[in-house]
Every structure is written in structure tokens, then in C-alpha cells.
Amino acid sequence: MDYGTAGSIFTVVVFVSFIGIVLWAMSGRAKTRFDEAQNLVFDDEQTQQSEKKERESSINE
């Protein structure tokens with residue numbers, strides 16, 4: 001097997017893998033997990049705000 005054949009096989013394998021990842025990312029099963037993950041940042045914000053309020057109230061006491 002020469003470099004040209006090996007390169008062609010590698011290109012096909014990478015392309016098929018890419019198509020598989022795209023199909024997985026667009027599937028309905030993955031959408032629910034992605035929707036939940038995209039809101040994790042905002043969940044953390046609420047936790048930080050409540051901790052800040054608790055610290056401020058303890059300082060004022």
C-alpha cells in the first residue's frame with residue numbers, strides 16, 4: 001500500500017466519521033441533552049447571585 005492509497009482511505013474514514021458526528025448532533029435524542037446543556041450557564045448564575053446575597057446579608061448583620 002503506497003501513500004496515495006493510505007491517504008485516500010484516511011480521507012474517506014475521516015469524512016464518514018464527520019458525517020456520523022453531524023447526524024448524531026442533529027438527532028432528536030441528542031437535542032434534549034443539548035438543550036439542557038445550553039442552559040447550564042444560566043443555572044450557575046442564579047446560584048452565584050443567591051450566594052452573593054447571602055454573603056451581603058451576613059456582612060450587614
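One residue is enough: does segment 20-32 have a residue meeting the conditions surrounded by 10 or more Cβ atoms within 10 Å (Cβ to Cβ) and at pLDDT 95 or above?
Looking for residues that are surrounded by 10 or more Cβ atoms within 10 Å (Cβ to Cβ) and at pLDDT 95 or above, one finds at least one in segment 20-32, hence yes.
Can you tell me which residues in segment 1-19 are of a type in the set (D, E, K, R) and modelled with pLDDT of 95 or more?
Residues satisfying the conditions do not exist here.
The values are calculated or read from the model by the stated rules, or taken from the named source; none is laboratory data. Not measured: the values here are computed from a predicted model. With ideal geometry, Cβ positions are generated from the backbone for all residues, glycine too; neighbour counts draw on all protein chains shown.
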